[in-house]
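Some notes on the structure that comes next.
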Amino acid sequence: IDAVVGAGASGSVSVTTPGGSTSLPGFTYIPAPVVSSFLPNNGTSGTTIIITGTGFTGATAVDFGGTPATSFTVVNDNTITAVLGAGTSGSVQVTSAGGSGSLPGFAYGFTPAISGFAPFAAPAGATVTITGLNFTGATAVDFGGTPAASFVVISPNTIDAVVGAGSSGLVSVTTSFGTATLPGFTFLLPPTVTSFTPTAAGTGATVAITGTNFTGATAVSFGGTAATSFTVNSPTSIDAVVGAG
């Protein structure tokens with residue numbers, strides 16, 4: 001007799017005819033694996049996924065979206081750790097001698113990468129355009145470790161981010177698949193004027209202004225009237241010529 005196993009159970013194999021029944025013990029039923037959950041539910045090549053369920057003993061294959069795992073370890077009958085290969089989104093499937101079990105909902109994605117940003121230096125409130133790869137679904141953008149005031153994912157390759165309180169350092173973009181960084185951002189602090197000498201002057205006179213963060217100054221005015229000219233001597237010193245005043 002050739003017989004196809006049904007739902008099955010371990011025990012005796014029995015055959016019944018009109019003349020009676022006979023049986024022989026020693027049959028082991030191997031149930032198909034059941035995948036009940038997996039964490040994380042997304043990842044990229046090299047990510048380790050923990051799969052839980054039943055019937056994992058003797059597993060012969062683990063697939064993600066139909067793509068075989070690079071490797072896997074059967075920890076016990078209820079747990080497998082599997083390393084993603086090239087990967088595809090879809091179902092997580094475990095195969096053993098008893099059959100296959102699967103669970104949908106796995107998302108294969110790529111880690112983001114930043115190739116550049118402009119401008120390289122900006123104050124709070126300025127918009128910085130970040131270019132790179134795999135920005136879809138970005139959850140955070142930071143400048144020097146300080147979160148952007150806001151950001152918009154224009155495309156998988158472009159983000160426009162508004163600088164917040166800001167710090168100099170790395171620009172970072174975070175998605176569910178990882179974090180990308182690129183150094184070189186300079187946070188520009190607003191200038192402060194602490195004193196000026198003389199405190200009264202006519203057109204053409206030079207006034208020495210002291211304070212902080214004068215580097216890159218683009219304008220100097222007296223009472224709202226632009227200086228005729230000015231020279232940034234240092235981050236703390238400017239000499240400006242009074243105009244109409």
_Amide H of ASN157 versus every other amide H placed in the peptide plane: which residues, excluding those fewer than 5 positions away on the same chain, fall under 5 Å?_
PHE135
*Under a point spin-label approximation (7 Å from Cα along Cα-to-Cβ), what is the THR88-ILE50 distance to one decimal in nm?*
2.8 nm
_No solvent, one uniform scatterer per C-alpha: report log10 I(q)/I(0) for the stretch 164-222 via the Debye equation at q = 0.20, 0.30 1/Å, two decimals._
-0.86, -1.27
_Distance histogram for the stretch 38-122 (every C-alpha pair counted, 10 angstrom bins, percent rounded to whole numbers)_ = 19, 47, 17, 8, 6, 3, 0
*Determine Rg/Rh for the stretch 118-200; Rg is computed over alpha-carbon atoms and Rh is the Kirkwood hydrodynamic estimate from the same atoms.*
1.16
*In whole Hz, with x marking every Gly and Pro, tabulate ³J(HN,Hα) for the stretch 234-245 from phi via Karplus 6.51 cos²θ - 1.76 cosθ + 1.60, θ = phi - 60°.*
6, x, 10, 9, 9, 9, 10, 9, 5, x, 4, x
*Evaluate the distance, in nm, between pseudo-label points positioned 7 Å from the Cα of SER115 and of VAL193 along their respective Cα→Cβ axes.*
4.5 nm
*Which cross-chain or sequence-distant (5 or more) residues have an amide H under 5 Å from the amide H of GLY98, H modelled 1.01 Å from N in plane?*
none
*Specify the residue with the greatest mean-square fluctuation among GLY58, GLY109, GLY43, computed from a Gaussian network of the chain linking alpha-carbon atoms under 10 Å apart.*
GLY58
*By the gyration tensor of its Cα atoms, with a ≥ b ≥ c the square roots of the eigenvalues, what is the shape of the stretch 90-145: rounded for a/c under 1.5, prolate for a/b over b/c, or oblate?*
prolate
*asked:* If amide hydrogens are placed 1.01 Å from N in the peptide plane, which non-local residues have theirs closer than 5 Å to the one on ALA205?
replied: VAL242
*asked:* Using only the Cα atoms of the stretch 1-153, what are the Rg and Dmax in Å?
replied: 25.2, 95
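Find the Cα radius of gyration of the stretch 85-242, compare it with 2.2 N^0.38 Å by division, and give the number to two decimals. Walk me through the intermediate numbers first.
Details: Rg = 25.2 Å, N = 158, 2.2 N^0.38 = 15.1 Å.
In units of the globular-protein estimate, the stretch 85-242 measures up at 1.67.
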*What list of ³J(HN,Hα) couplings, whole Hz, do you get for the stretch 14-19 from phi and the Karplus terms 6.51, -1.76, 1.60, once you set θ to phi - 60° and write x for glycine and proline?*
10, 10, 10, 10, x, x
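Please compute the volume of the convex hull spanned by the alpha-carbon atoms of the stretch 1-56 and report it per residue in Å³. Intermediate values should be presented prior to the final figure.
Working: hull volume 6.9 nm³, N = 56.
Normalising the Cα hull of the stretch 1-56 by residue number yields 124 Å³.
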*Kindly write out, for the stretch 81-93 in residue order, the coupling ³J(HN,Hα) from the Karplus curve 6.51 cos²θ - 1.76 cosθ + 1.60 (θ = phi - 60°), rounded to whole Hz, with x marking Gly and Pro.*
10, 10, 9, 5, x, 4, x, 8, 5, x, 8, 8, 10
*So how far apart, in nm, are the two label points at ILE1 and VAL232 if each is 7 Å from Cα heading toward Cβ?*
9.4 nm
*Work out how much length ALA9 to SER221 would gain on full extension: take 0.36 nm times their residue separation and subtract the Cα-Cα distance, in nm to one decimal.*
67.2 nm
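A short reminder: the numbers here are calculations on the coordinates, not readings from a lab. Nothing here was measured: the structure is a model prediction, and the numbers come from that model. Glycine gets a Cβ as well: all are built from the backbone with ideal geometry, and neighbour counts include every protein chain shown.
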